[in-house]
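To keep things clear, I will list the structure first and then write my remarks on it.
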Amino acid sequence: MDKLIEAARKAWQQAYVPYSHFAVGAAVLTDDGKIFQGCNIENGSYSMTICAERVAMFKAVYEGYHHFKAIAIVGDTHEAISPCGACRQVMTEFMQPEDQVILTNLQGDVKQFSVAELLPYSFSLKDDPIK
Ligand code: THU
């Protein structure tokens with residue numbers, strides 16, 4: 001997992017954050033070992049901002065990957081960073097409940113959770129019984 005964290009730290013350097021000045025980096029790991037990186041990208045119309053996690057996941061999806069076994073996220077936070085609710089929901093789309101979310105900060109603190117731990121009882125059309 002060190003390689004994934006290192007990729008997230010490199011992505012952190014690419015953040016476009018002229019408004020919040022709060023950079024975030026993320027990296028996802030595919031089943032065949034490929035890594036896709038993302039950073040947060042802000043916009044003057046603030047709500048158009050996209051988080052690092054979704055940039056990493058969407059880049060991978062564009063390249064044809066629909067499942068990630070892990071995602072690492074880094075921010076310059078006192079404790080390991082915690083991902084926002086929207087990104088947790090997107091994780092449930094492309095990760096299994098037991099897949100791993102690795103949360104870190106620049107000092108090297110690490111916390112690890114499963115996707116299900118971060119978003120219990122999540123919404124999904126995949127197991128919707130009414131079809
Ligand atoms: N941000 C992320 O990139 N990921 C998160 O999980 C939380 C928040 C970004 C969005 C915005 O550019 C900045 O951090 C401050 O909210």
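The values are calculated or read from the model by the stated rules, or taken from the named source; none is laboratory data. If you're wondering where the values come from, they're calculated on a predicted model, not measured in any experiment. Ideal geometry is used to build each Cβ from the backbone, glycine not excepted, and the neighbour counts take in all protein chains shown.
Quick look at the values:
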read-out: Hits in the stretch 83-93 (condition: within 19 Å of Ser20 (Cβ to Cβ) and part of a helix (DSSP H, G or I)); value: Gly85, Ala86, Cys87
read-out: Positions within the stretch 94-131 being surrounded by 15 or more Cβ atoms within 10 Å (Cβ to Cβ) and part of a helix (DSSP H, G or I), in sequence order; value: Phe94, Val115, Ala116, Leu118
read-out: Test: residue in the stretch 67-82 that is of a type in the set (S, T, N, Q), under 12 Å from the mean Cα position of the chain (by Cα) and outside any loop (DSSP other than H, G, I, E, B); value: no
read-out: Looking only at the stretch 26-65, and only at residues there that are touching a helix residue (DSSP H, G or I) at 6+ places or on another chain (Cβ under 6 Å) and assigned to a loop (DSSP other than H, G, I, E, B), the one that is surrounded by the most Cβ atoms within 10 Å (Cβ to Cβ); value: Asn40
read-out: Test: residue in the stretch 70-90 that is buried (at least 16 other Cβ atoms within 10 Å of the Cβ), away from the ligand (no atom under 15 Å from the Cβ) and at pLDDT 95 or above; value: yes
read-out: Whichever residue in the stretch 38-69 is in contact with a Phe, Trp or Tyr (Cβ under 6 Å, 6 or more places away or on another chain) and of a type in the set (Gly, Ala, Ser) and, among such residues, is nearest to the ligand (Cβ to nearest atom); value: Ala56
